[in-house]
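Below is one structure; the comments refer to it alone.
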Amino acid sequence: LDGGSGAAAVFEDVPSAHAYAMQIYTALGSGFVSAADKFYPDSPVTAAQALKMIVTALDYDVYAKYSGGYPLGYTKAAKMLDITDGIAAGDAELNYDDVCDMLYRMLICTRRITGIENGSFRFDNTDVTNLELLYGLKICRGIVTETNFNSYRTAHNAGDEGYIAIDGVQYFYDGAAADLLGHSVCVYYRSGTHEAVLAVALDDDEEKFDIDDVTQLDGTTLAVVNANNKTTRYDISGATLIFNGR
């Protein structure tokens, strides 16, 4: 965002020399926050305040005002945009992780107002995230099947140029590491290219079984018999199976 000079200070507790004067007055000039005697820059942000700023930043303040204004209308708008999952009551104070989580859900949101029917706004899911709209980044999630260091393929030569392969699709990436092989990751890459800017390892959802207990294994189903001779069937569509010989 452009603008927001601290010289136009209006909050008593945010002088022009304040560390975040530029950001705070940019937010004020953009309508994300409202003018008042004080801003309380050192106080924790509440859920309602954070949602008001996020909804306004996403240009849904008209919908929020139409739906009841602050705070309920903005909370309703945020809910429609899938930003409120796990958020407590509006007056709950948010910590750093809460805010990061909320901002991340804002970035991966794909819901848009697509029209008005019978006086009500209609929201629909699209195939474009705010992350792509704002930064030109797309998201890929999957299993690391190869890096420039190692691979699940029997024949693999280590390369000097960094890359990472997700479910067999290769992305250029300087941050590749050998220990990523076999892990679930979320890769952020530039739209229209295979240039990754970040790969984040995710918590793997793993199940381990003795091979002697497996009674069925095909492209979609894994069936396992337990000690009580009961069979459990797992849908393994899209799963990666790793045999360790035991």
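The values are calculated or read from the model by the stated rules, or taken from the named source; none is laboratory data. As the structure is a computational prediction, the values presented were derived from the model and not from experiment. Every residue, glycine among them, receives a Cβ derived from its backbone with ideal geometry; neighbour counts consider all protein chains shown. When the accessible area is computed, the model is the full protein with side chains, heavy atoms only, and any ligands, DNA or RNA have been set aside. Shrake-Rupley method; radii C 1.70, N 1.55, O 1.52, S 1.80 Å.
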Q. What residues qualify as long-range amide H neighbours of Tyr60, i.e. H under 5 Å apart, gap of 5 or more or another chain, H built at 1.01 Å from N?
A. none
Q) How big is the accessible area of Ile116 in square angstrom, nearest 10, if you roll a 1.4 angstrom probe over the protein chains? A) 120
Q.
How large is the accessible surface of Phe172 in square angstrom, using a 1.4 angstrom probe and rounding to the nearest 10?
A. 100
Q: Can you send over the solvent-accessible area of Arg141, 1.4 Å probe, protein chains only, in Å² to the nearest 10?
A: 130
Q: Can you tell me the relative contact order of the chain? Whole percent, Cα pairs under 8 Å, sequence separation 6 or more.
A: 9
Q. Which percent of the Cα-Cα distances in the range 11-68 go past 13 Å?
A. 65
Q: Could you quote the convex hull projected area for the chain, Cα atoms only and averaged over all directions, in nm²?
A: 20.3
Q: May I ask you to give the percent of accessible area on the range 38-101 that is carbon plus sulfur, with a probe radius of 1.4 Å?
A: 53
Q. So, in the chain, how many Lys pairs have Cα atoms under 14 Å apart, if the pair is 8 or more places apart or on different chains?
A. 4
Q: Would you mind putting 64-76, 14-26, 220-232 in packing order, based on average other-beta-carbon counts within 10 Å, highest first?
A: 64-76, 14-26, 220-232
